[in-house]
Structures are given as C-alpha cells and as structure tokens.
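The values are calculated or read from the model by the stated rules, or taken from the named source; none is laboratory data. As the structure is a prediction and not an experimental result, all values here were calculated from the model. All Cβ positions, even for glycine, are placed from backbone atoms using ideal geometry, and neighbour counts span all protein chains on display.
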Amino acid sequence: MQQRRRATAHRFAQEGAARITLFDQDASRIADVAAAVATIGAEPRTVVGDVANPPDCQRAVDEATRGDGRLDVLVSNAGADSIHDFLELELDEFDGHGLDEADDASLGHAVVGVAGGCDHP
C-alpha cells in the first residue's frame, strides 16, 4: 500500500478503530499493513481486488460491514470535481474525460465505494 494509505490505517488503529478493512490488488501489501494494525489492536479485514472493478469494490464494502452492518468511515484517496449528483454517477461517465487509467481507477473506487457505503448506517 502506498505510504499515505498505510499511515491512514495506522492512525485509525492508534485512535481506537475496532476494525479496519484494507483493499488492494496486491495481497502482500495488505498483509503487512494488516499485521501492523492487528499489533496496535484493530481487527484487520483484507480484500484483494481491483478498484476499477465495481464487484470488487462492493466486496470491500460487504467485508467492512460484515457482522454489524456498520460502516463508520470510508477513506478514498481519489479526488474529483463534478457538477453531478454524486450518488447518481455511473462509472462509464468517467471514460474518455481526459483521465489516465490510474486516475480513472481511483475515481471509480471513490464512486463505487462511497455509493455502496451510503446504504449502511
């Protein structure tokens, strides 16, 4: 995981998060962070997947809410500016708008992850 994501997970664990769901394409990157947050006292949950794949993003939300159905905080490292109603956006609306593949994947993660999390208290 990139340093910013690793630092964010550590900070949430240090601040007392009961569980932290980590989502990345690379299982080894998540495993290192999962071990670190477990040492601090948080329950790590890991999901290997691609942020550009909506079903993978939904699996991450499902794993985060497994048990009590709660999603208290969702951190996305994507930033975007839009004049559209965020919850009405579709992933295909980002195609061909000058975004490179990495930005498109990050933005897609933000849309799918946050929209999927909006159904949870």
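Would you check which residues across region 2-58 are more than 16 Å from Leu74 (Cβ to Cβ), in contact with an Asp or Glu (Cβ under 6 Å, 6 or more places away or on another chain) and part of a loop (DSSP other than H, G, I, E, B) and list them? Result: Gln25, Asp50.
The condition of being under 14 Å from the mean Cα position of the chain (by Cα), part of a helix (DSSP H, G or I) and at pLDDT 85 or above holds for Ala64. Candidates Arg5, Arg59, Arg70: the one that is touching a residue at least 12 places away in the same chain (Cβ under 8 Å) and touching a strand residue (DSSP E or B) at 6+ places or on another chain (Cβ under 6 Å) is Arg59. Residue check: Thr21 meets all listed conditions (1) over 14 Å from Arg5 (Cβ atoms); (2) among the β-branched types (Val, Ile, Thr); (3) at pLDDT 85 or above but one, namely (1).
For region 23-47, the set of residues classified as in contact (Cβ under 8 Å) with a residue 24 or more places away in the chain, surrounded by 13 or more Cβ atoms within 10 Å (Cβ to Cβ) and small (Gly, Ala, Ser) consists of Ala36, Ala42, listed by residue number.
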